[in-house]
1. Kindly evaluate B:Ser129 against the criterion of being of a type in the set (Ser, Thr, Tyr), more than 21 Å from B:Gln265 (Cβ to Cβ), surrounded by fewer than 21 Cβ atoms within 10 Å (Cβ to Cβ) and more than 8 Å from chain A (Cβ to nearest Cβ).
2. Being buried (at least 21 other Cβ atoms within 10 Å of the Cβ), over 19 Å from B:Gly262 (Cβ atoms) and within 12 Å of chain A (Cβ to nearest Cβ) is true for just one of B:Ser183, B:Ser155. Which residue is that?
3. Do we find that A:Ala525 is among the hydrophobic types (A, V, I, L, M, F, W, C), assigned to a helix (DSSP H, G or I) and either modelled with pLDDT of 95 or more or surrounded by 16 or more Cβ atoms within 10 Å (Cβ to Cβ) (or both) in this structure?
4. Out of A:Ser117, A:Ser72, A:Ser126, which single residue is in contact (Cβ under 8 Å) with a residue 24 or more places away in the chain and small (Gly, Ala, Ser)?
5. Checking the condition modelled with pLDDT of 95 or more and in contact with a Gly (Cβ under 6 Å, 6 or more places away or on another chain), which residue from A:Glu104, A:Glu55 passes?
6. Quick check on B:Arg162: is it in a loop (DSSP other than H, G, I, E, B) and of a type in the set (Lys, Arg)?
7. Looking only at strands (runs of 3 or more DSSP E) that fall completely inside the stretch B:387-483, which ones have 2 or more residues that are surrounded by fewer than 16 Cβ atoms within 10 Å (Cβ to Cβ) and out of contact with any Cys (no Cβ under 7 Å at 6 or more places or on another chain)?
8. Would you mind finding the one in B:Val101, B:Val105 that is assigned to a helix (DSSP H, G or I) and over 25 Å from the mean Cα position of the chain (by Cα)?
Protein chains: 2
Amino acid sequence: MGDYHAVIGDLQAVHHAFDNSQQTEKAPSAALNGIDTTKEDDFPRWYQQILLKGEMIDYYDVSGCYVLRPGSWEIWEIMQEWFNKEIKKMGVRNCSFPMFVTEEVLRKEQSHIEGFSAEVAWVTQSGTSTLEKKIAIRPTSETIIYPYLANWIRSYRELPLRLNQWNSVVRWEFKNPQPFLRSREFYWQEGHTAHLTSEGAEKEVHQILDLYCQIYRDFLAIPVVPGRKTDKEKFAGAEYTTTVEAYIPATGRAIQGATSHGLGQNFSKMFNISVEDPKLDGTGDSSQRLFLWQNSWAYSTRVIGVMAMVHGDNKGLVVPPRVAPIQVVIVPVGITAQVPEERTDIHEYIKTMQETLESDGIRVEADLREEHTPGWKFNHWELKGIPLRLEVGPRELNESCISTSRRDTREKGRIELARLSVDVRAVLETIQASMYVRALEQYRNNVKVITKWEQFTAALDRKHLCLIPFCTREDCEERIRRLSERTADPSMRNDARAPSMGAKSLCIPFQQPSELQGTNTKCLAEGCELMAEKWCLFGRSY
Amino acid sequence: MGDYHAVIGDLQAVHHAFDNSQQTEKAPSAALNGIDTTKEDDFPRWYQQILLKGEMIDYYDVSGCYVLRPGSWEIWEIMQEWFNKEIKKMGVRNCSFPMFVTEEVLRKEQSHIEGFSAEVAWVTQSGTSTLEKKIAIRPTSETIIYPYLANWIRSYRELPLRLNQWNSVVRWEFKNPQPFLRSREFYWQEGHTAHLTSEGAEKEVHQILDLYCQIYRDFLAIPVVPGRKTDKEKFAGAEYTTTVEAYIPATGRAIQGATSHGLGQNFSKMFNISVEDPKLDGTGDSSQRLFLWQNSWAYSTRVIGVMAMVHGDNKGLVVPPRVAPIQVVIVPVGITAQVPEERTDIHEYIKTMQETLESDGIRVEADLREEHTPGWKFNHWELKGIPLRLEVGPRELNESCISTSRRDTREKGRIELARLSVDVRAVLETIQASMYVRALEQYRNNVKVITKWEQFTAALDRKHLCLIPFCTREDCEERIRRLSERTADPSMRNDARAPSMGAKSLCIPFQQPSELQGTNTKCLAEGCELMAEKWCLFGRSY
């Protein structure tokens, strides 16, 4: 691999130490086999280690690109299957547009491209020849798809037209890359739809946002705040952007979870996506064209990063059962070298269990490797975040039962063989629900209503998100960011570990804590004399 | 869209004439709405038209790239779902490697990269900056993935390791592009596996090839010949390549359907993918490393092109039921303006039918648009190749029945409402089977055993594939190609329509017509004095 190791640097070295340890090691030591820091002490290092050692990703010799190993990719597939089913019910159809786009098409919508142009990757050569015109790799597909909508849509009767594609897009960012959170190539779905009316379009924006809420809440066990972005934070070229915002307790930072944009008629006017007015139907007057109302919406593999950050612990990943590619692992225990038949009996017992669970639709793996101790295996599967471990030894064999160990709480239990699938499913559901409850509590304890400016930065320092009365103006938002860049604690100001990031507006939550308009509440921002328009959620964020 | 139309040229113009016609047209004319040539008269134009007008693809302003509309993309998804299920049973796990690759990694295996280097697309810029080192877009992923196999595989007990990914790859070819058959970006799956033994690897090569046979036979209703490529035609860097070869009756040309490669130890030695010899297990002697036996295998969206070419007719596409995103379309007929209640009743009847079929897992669409005549709709859905049309009018309503029309044979029938799903499913199965039977007959009538050189080119001219006794040598294969470049018919030699393509070896079929080795059969090629080793299938090909 040549320079590969040099490029990747010390995290790769950590990874190798770990990998090599698998080969020779007898008594596993936490330092080699597990996470060598804690979530509390060094969050970035902890995050990278749980992903690497949990076999979700590997590093790559093109900076900002990552290998998604089956442990993460199959999570993506599970969510993809569900989301496809839901959007197909809504009449969305999947398709695939090219990854390449000419400069001319890319630049068609100016305010849109300005949001991306610094990050566009350009192909200029093929083989040893120089291309006549350079060609971009899509950073997103609005300008690629919309000329086709203009061609394809011939009548209002064909509306709404709803398309979606699963692909990867490229944004050649130079900020510090982070697996899943900020990578130069990332995977997502992008939906693109066209509607006759603004109301029809708006309804869909919210239907989709609701699916994104479900992905976080019901699959990833993570609460999110749905709301609308301020103008400053909305998608380049959109009329408005709705978002679900998640919270990472360990860092006190928010993260944008997924967005559903109402594009208004901005693109349809640019690309002439229009139909004859239905009211004029049959009169032959086709001069009156109605421009369509468009939406675009996307969620990306970022969701996997959020999941890892929220649920992971100092033993490694913790994957919610509903998205876990492997939900249950079975490990034989207590086998002594003295009684070889015991091993055979236990392995048989486990194989039967495995077949039962599989046939009941539970994703299960049995770890019957003989070269590893049960302790080594516990550690191995905990790193990978498998939700439930089943243990079978001589005692379980005798008593027709199975010992259980939950990954999330490490709680032990016991189930009867006769009720295997029923009870395993029940435990998995319990794990799913209690992971959500725990995340919800952390979220509730950390979103604070703030009504005095003096309390704002101190609350951020305490890892809170702040719900504040806000005038919604862009310059005021910028001032808030600047004023909150430094910690509120004077004693920390020369400490390198002190927060050095200003708060951004995350969203104007749909569910407002109280009515603001018409009251005499002023905007919270220091120096702002305007009345507050909305409660707005602010926070330091990814 | 600017130069878009100019770039795309006259096919786009045809397409637009068609699209515009939808808007204003009252009495559909075949010339505007349908295919304006025949499969027999102008096959390339016919092929492009069925894809465009059948709404499978659209043209794109980057040459060699195409938009895959839902009509084709959802075929791909249906096959993907099945294939995923099958390979997961074999223990294959899905993952995703980056699309980018450094020059150094790409060039790691020399004989391999020579097969691709002229076609590699290079990214050299991001935003307005020039990259320090240019970066390639993958033409295939062997050299991307194999360094990781070397890192990940620590013990023979982890074998076989089987990975697969669904992605697009880029080969910037300058040959005449063809939708699905030869495009610069194309979609495929690529499987990459590592085995302890040559036997284990070989077994999998054939298991996968058998899945590819099933995709063609059971899903696309197309017979294929499984066999082994000659050394001249094998994959760059492989030890051997197995293939399924399909036949396009209209042109008499063969097409490579999908390939499953045994890579031997070629890459594993290059990338040091090795394990300790199991025989030395526990002895502590880790100096003896065994290099692994690797496979790679792929099928691409090309399968959709083959399907269109084999089954399409002069009315448009004909899609086999098992892969059809829409299997059944229901069209109301015989509604007269005099009796408005009739329309309501018929629409109600159809909606109930639709619900019944949907709940029984049949993919169905009802075309209740009032602005189009039944004739227009018949034409529209025939172009798209929907396997079965159901018609409901006043008579069907009165008699609790449904009229049927098969897309493949245009055969009419009638089914009872009470037996709706059962009979529809039966008709779909009949269509699927009889499409295969028809394709199989065409194939059988056109594969000829040729034992005299004088008959070889004439047989190619008659659109046959030729099974010949062959020495399997590369230079002899090249001579056969050269000698068969021109038609055998002297009267045609100055005719521009005459074949001008030499025959390539397609495969050495696993099922040989008879034993050759040890007989005194000579190689068929003119001027070759060697004994024949194998029967080899030759043909003009895509």
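1. So B:Ser129 fits the description; yes.
2. Working: B:Ser155 fails: buried (at least 21 other Cβ atoms within 10 Å of the Cβ).
None of the other options fit; the residue is B:Ser183.
3. Working: among the hydrophobic types (A, V, I, L, M, F, W, C): yes; assigned to a helix (DSSP H, G or I): no; either modelled with pLDDT of 95 or more or surrounded by 16 or more Cβ atoms within 10 Å (Cβ to Cβ) (or both): yes.
When the stated conditions are applied, A:Ala525 does not pass them.
4. On the way: A:Ser117 fails: in contact (Cβ under 8 Å) with a residue 24 or more places away in the chain; A:Ser126 fails: in contact (Cβ under 8 Å) with a residue 24 or more places away in the chain.
Of A:Ser117, A:Ser72, A:Ser126, the one residue that is in contact (Cβ under 8 Å) with a residue 24 or more places away in the chain and small (Gly, Ala, Ser) is A:Ser72.
5. A:Glu55
6. Working: in a loop (DSSP other than H, G, I, E, B): no; of a type in the set (Lys, Arg): yes.
So B:Arg162 does not fit the description; no.
7. B:412-416
8. B:Val105
The values are calculated or read from the model by the stated rules, or taken from the named source; none is laboratory data. Owing to the predicted nature of the structure, the values given are computational and were not obtained by experimental measurement. For neighbour counting, all protein chains shown are included, and Cβ atoms are generated from backbone atoms with ideal geometry for every residue, glycine included.
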